[in-house]
Structures are given as structure tokens and as C-alpha cells.
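Reviewing the structure listed below.
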Amino acid sequence: MITGGLGFIGSNLAKRLVDLGGQVTVVDSLVPEYGGNLYNVDGFRDRLRINISDVRDRHIQALNYRRPSPGRPNRPHVSPDSTQ
């Protein structure tokens with residue numbers, strides 16, 4: 001997942017990761033002042049998952065929050081498949 005993935009830096013990173021065979025999701029609010037533009041992913045847009053939303057939105061944060069299950073600490077940076 002790349003936040004700001006439709007801007008200059010994010011779209012170039014997305015292109016590189018897709019070219020390396022990665023499954024890439026980009027999240028961007030498309031605020032004009034921040035440079036996000038769908039044109040930046042022309043040519044490889046069909047190999048991306050694009051989510052137009054603002055990561056600062058409380059409702060989006062609530063949907064993406066992973067609550068800890070009983071007996072397991074909340075460590076969102078750790079893969080759910082991790083046994084650590």
C-alpha cells in the first residue's frame with residue numbers, strides 16, 4: 001500500500017513495484033494542491049488497485065483499524081500470519 005500513490009513519487013514507486021511483480025494498492029485523496037492525478041498511472045493503471053480516499057478521514061481510519069483478538073496484542077505492523 002502506497003499512500004499518496006497518485007502523486008509523482010508515489011506513482012513512480014508504484015510503477016517500479018508493479019514491474020517487479022508486486023500487488024500494489026495506492027491510496028490518494030486526489031487533492032489538486034498535493035499533485036495526485038490519475039494521469040500519473042496511465043500505462044499501468046490496470047495492474048494497480050486504486051483507492052480514492054483521505055487517510056485523515058476518521059471514518060476511513062475506523063474501517064481500517066484492526067482490533068486485537070483475545071489473547072493477541074494489537075500490533076498492526078505485524079502480518080496476521082506472524083506467529084511472533
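No lab work stands behind these numbers, since they all come straight from the coordinates. Given the structure is predicted, the values throughout are model-derived calculations rather than measurements. Here Cβ is always computed from backbone atoms with ideal geometry, including for glycine, and neighbour counts include all displayed protein chains.
Please compute the length gained on full extension between R49 and T3, using 0.36 nm multiplied by the number of residues separating them and subtracting their Cα-Cα distance.
Working it through step by step, the gained length comes to 15.3 nm.
Through the Karplus equation 6.51 cos²θ - 1.76 cosθ + 1.60, θ set to phi - 60°, convert the phi angles of segment 38-43 into ³J(HN,Hα) values in whole Hz; use x for Gly and Pro.
With coefficients 6.51, -1.76 and 1.60, one gets 4, 4, 5, 10, 4, x Hz.
Take the alpha carbon gyration tensor of segment 2-64, find the square roots of its eigenvalues, order them as a ≥ b ≥ c, and report rounded if a/c is under 1.5; if not, report prolate when a/b exceeds b/c, else oblate.
Cα axes put segment 2-64 in the oblate bin.
Once the piece of chain linking Q23 and R56 is laid out straight, how much longer is it, given 0.36 nm per residue of separation minus the C-alpha distance between them?
The Q23-R56 span can extend by a further 9.5 nm.
Where does each of 7-19, 27-39 land if you order them by average Cβ count within 10 Å, highest first?
Order by mean packing, descending: 7-19, 27-39.
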